[in-house]
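Here is the structure we will look at.
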Amino acid sequence: MAVDKIEEARGILRLTGVGFSRLTSPDADAAMGGPLTPIDLPGMLGDEVDPAFSRRAQQVAARVAEARRLQDIIEATPLAPPVGVDYRETSGFGPRVDPFTGAPAFHAGLDLAAFEKAPVIATSPGTVVFAGSQAGFGNMVEIDHGHGFRTRYAHLRDMQVNVGEQVQIGQRIGSMGSTGRSTATHLHYEIWFRGKVYDPVSFLRAGRHVYEQG
């Protein structure tokens with residue numbers, strides 16, 4: 001039922017830590033517009049339509065539309081793991097001691113380690129907006145997933161996508177390496193929503209609900 005799908009989608013989106021109202025606010029959606037033209041069921045089906053039935057049909061249509069909208073948001077949300085093999089978390093999001101200076105610093109991503117050349121994959125469909133070398137990050141790929149979401153994959157050994165390329169969830173975009181400001185082979189992974197960076201761990205936890213439910 002549409003109601004069940006709506007509640008399921010809301011629960012998953014809340015787990016990301018972004019804030020449900022922020023995720024679903026009008027300015028978070030893709031550009032849309034046009035005049036408001038309500039559905040005229042009596043005009044479509046005839047004057048004999050029961051008003052109660054008409055109201056019920058409109059309510060159902062609204063719930064189906066909301067379920068579809070939330071599903072679109074979930075499909076844009078980067079919920080899949082960014083590494084295609086087993087990995088371990090080596091440094092979390094937030095304040096930490098910088099591994100090079102020993103001073104307090106803010107870590108804007110999640111570090112995940114596996115073996116050199118381990119597959120690094122897109123965590124949601126999107127468009128590659130950067131693929132190259134950047135100070136501190138080494139070889140990095142950035143993907144725009146739409147709906148305000150972007151992800152960054154840094155310290156790559158190599159990159160297997162180009163700017164402007166459309167990628168699918170699970171598609172290999174590069175290989176794990178240790179380029180840039182890195183102490184050893186790992187992936188530095190960041191998630192951004194409308195200009196603010198968020199903890200990827202929350203998205204990975206939310207994603208487990210999506211994939212466990214099939």
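No value in this document is a laboratory result; all are computed from the given coordinates. Quantities reported herein were computed from a predicted structural model and do not represent experimental measurements. Cβ sites come from the backbone with ideal geometry, for glycine too, and all protein chains shown count toward neighbours.
Hey, can you grab everything whose amide H is under 5 Å from the amide H of Glu165? Only 5+ residues off in sequence or another chain; H modelled, so Pro and N-termini drop out.
Correct list: Val128.
Expected output is a single nm value to one decimal: the length gained when fully extending between Asp158 and Val60, i.e. 0.36 nm times separation in residues minus the C-alpha distance. What is it?
Contour length minus Cα-Cα distance gives 30.4 nm.
Would you calculate the separation in nanometres between label points at Arg10 and Gln168, each defined as 7 Å from the Cα along the Cα-to-beta-carbon direction?
The modelled label-to-label distance comes out at 3.3 nm.
Let's test the formula: R0 of 25 Å, r as the Cβ-Cβ distance of Ala105 and Arg205. What FRET efficiency results, to the nearest 0.05?
For R0 = 25 Å, the calculated efficiency reads 0.50.
Using modelled amide H (1.01 Å from N, peptide plane; none on Pro or chain starts), what sits under 5 Å from the amide H of Val83, excluding residues fewer than 5 places away?
It is Ile121, by chain and number.
Relative to the present Cα-Cα distance, how much length would full extension add between Ala135 and Val197 at 0.36 nm per residue of separation?
20.5 nm
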